[in-house]
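Let me begin by presenting the structure, written as structure tokens, before commenting on it.
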Amino acid sequence: MPEEVSFLNISLSKILRKDQSILDQARIRLLYYGLCWAFVAYGLLMVMMYAQNSPIYFYVTIAINVTIVCMFKYLTWKPDWRRITHVMLIFITVVNLSNVYVIIQNVTLSTVQLMIIVVLLSFYMLGQSFGMFYSLVNLIPVLAFMVLEYHSGYIINFKPEKLDGSVGIITVLTNFIIIIFIHSHFYTAFLKNIKELKQVAATQSELNAELEIAKSKAEKSSSAKSEFLSTMSHEIRTPLNAVIGMTNLMMMGNPRQDQKENLDILKFSANNLLAIVNDVLDFNKIESGKIVFENIRFNLDELMHNICGGQQIKAAEKGLDFELNVDSELKHRTVIGDPTRITQVIYNLISNAIKFTEQGSIWVNVTCIEDRHNRVTISFSVKDTGIGIKKENLQGIFEAFAQESVTTTRQYGGTGLGLAIVKRLLELQGVNMYVESKPEIGSEFSFNMEFPVPTDEAQAKKIRMAELTTSVLQNEEPVVNFSNTRVLIAEDNPVNVMLMKKLLSKWDLVPTIAENGARAVELVQYGNFDIILMDLQMPILNGFEASMEIRKLPDSKKSSIPIIALTASALFDIREQVFNSGMNDYVSKPFKPDELKGKMQGLLSLV
């Protein structure tokens, strides 16, 4: 708010503010000094009119000076320069036309000067529109008077005043000084404004240059962070792959009850560590804006049952009731979307519900709220009878690495990334999350999502059969006999080699091992294999390069061998790289044996 100015103020500095532009300050200064000069000049004329006994001019100069004083006082109290300019221009116009038509009854040099003053003031002070208006209001009547006097002479019943020559000289001089002052003042203001604009432009250029440097550094930092996370992911996932893989193998060997309990703890801890790594990596993908959503056909009812299958077991272990309700209208409906991301969202919400509920129930509801010919809107809801959330903490739970309180973190653990990932995944698809929660009563997380629906269900089924690699999401593994299947494993890590041998032996498979990508290409050239499991990071030739070399082989049977990538990498574009290099699918380490088995069966069924 600008500082209030006293009515008695006459100081210029108190009516100039830093938030005013250079031109606005110049306009105020022009009025301030212009009114001061005009008061002095017309005061002198007033004295001369009185001395020469010219009553009309005397009263006119008195009126002018009174008006000047009023405008000056208003300016130094309320610096509304626009209003004052309008009053001044109207007053000058009235005085000028009164001189032409009544007092002098002639167009003199002073008349022209006043018209020039009107033009300058109106354009400089008020802009083009008002400049044209006031200029024409002065010009047209004066031209009309000149035409009228030229054709018939101008005669009214009033004798014009005769002025002394000295009065005319002072008037002309005063007007010239005002004209020169207006030009000089605004010329200086414009130069200053242009100079400041150049400085701003130069500063802006420097800032842009600094911004480009900062942007480049940020991009390099982001790239370095991604590479670091990828490297760390690979280094963490590789031993985790061995830990989880060996645990699975030992559990498949009918261990004693006490051994099974120890293995359950080992597997639970390893899976928790893997979940933390995955949360951090997923959140980094989302924040980097490099997440890509798929549009594939899937059955929502089957997907929900697969998501909730393992969660029901976790709920039962805590003594919780678990209920999944899928709208009957969705039982046999195929929709188009990203089942992986939907799984991620629902899984996180259910995991949270189980984690924060000590007794009671978990409800998962999937309801069709709008069904049109080619689109369907579905409501998803996860409700629990857990600890609940205070109203003032509802917004904070969606922040990264945040939970409702420190006590919650200590008691229940976790990274605080689950809900942040859920919220961002939904926002990227234009979906809002809704939360209703009461402490000690429970919480409900819900959202509505719209899905396209295939208009040709028969065609959808054909495409779905062709996309067998996605069928593992619905747990629809084709039944394929592994007997006599020739498997080539390209892997340089001896621990992983031992793990893969033990795992495949459970399926009655004896694989051939290639210790690097180049050896894998050589074995394919001179041997016969049905499927290849390809590690990506290997010496001599990596998995991408080896796959591209295999796809170039002249023997079409060998060049079309199904290849599954085995990767512990977390690069954002790893999926794209895998398919661009000619591989058919990929499995992230540490993998679930059933997932690998399902994808192998799916690809072998197409051969």
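Rule-based calculations on the coordinates, nothing more; no lab input. If you're wondering where the values come from, they're calculated on a predicted model, not measured in any experiment. Methodologically, a virtual Cβ is constructed for each residue, glycine included, from the backbone with ideal geometry; neighbour enumeration extends over all protein chains shown.
Points to keep in mind about this one:
- Farthest toward the positive end of the dipole of region 289-350, out of LEU324, ILE350, GLN312, is the Cα of ILE350, where the dipole comes from beta carbon charges about the Cα centre.
- 10 Å beta-carbon shell around ASP371, net charge (K/R +1, D/E -1): 0
- Of LYS314/LYS391; LYS14/LYS198; LYS14/LYS78; LYS558/LYS597; LYS331/LYS592, pairs whose Cα-Cα distance is over 18 Å: LYS314/LYS391; LYS14/LYS198; LYS558/LYS597; LYS331/LYS592
- Which label in [x] 38, 27, 25; [y] 89, 29, 24; [z] 42, 28, 23 gives the computed semi-axes √(5λ) of the Cα gyration tensor in Å: [y]
- Kirkwood-type radius of region 1-106, with distances r between different C-alpha atoms, in Å: 15.2 Å
- Rounded tilt (10° steps) of 494-506 against the dominant C-alpha axis of the chain: 60 degrees
- Note on the chain: antiparallel DSSP beta bridges, both residues inside, total approximately 55 percent of the bridges counted.
- Cα long-axis angle, helix 55-77 against the chain (0 to 90 degrees, to the nearest 10): 20 degrees
- Straight-distance candidates among the lysines for linking to LYS390, with alpha-carbon spacing under 16 Å and chain neighbours fewer than 8 residues away dropped: LYS438.
- Normalising the average separation of contacting C-alpha pairs (under 8 angstrom, six or more residues apart) by the number of residues puts the relative contact order of the chain at 10 percent.
- An oblate overall shape is assigned to region 536-607, the ratio a/c of its alpha-carbon gyration tensor axes (a ≥ b ≥ c) being 1.5 or greater and a/b not exceeding b/c.
- When shorter helices are ignored and each DSSP H run of at least 4 residues is given -39500 (n - 2.57), the per-residue value for the chain at 222 nm works out to -19500 deg cm²/dmol.
- At 0.890 mPa s and 25 °C, Stokes diffusion of region 487-604 via Kirkwood alpha-carbon radius, µm² per second: 175 µm²/s
- Across region 487-604, the mean sequence separation of Cα contacts (distance under 8 Å, 6 or more residues apart), normalised by length, yields a relative contact order of 23 percent.
- For region 295-456, alpha-carbon Rg over 2.2 N^0.38 Å: 1.04
- Computed from Cα atoms, the angle from the helix 165-251 axis to the main principal axis of the chain rounds to 10 degrees.
- Calculated over region 22-206: convex hull of Cα atoms, volume per residue (Å³): 121 Å³
- Rg/Rh (Cα only; Kirkwood hydrodynamic radius) as it applies to region 509-548: 0.93
- Amide H within-cut-off set for ILE531, under 5 Å, with H built and near neighbours excluded: ARG486, LEU488
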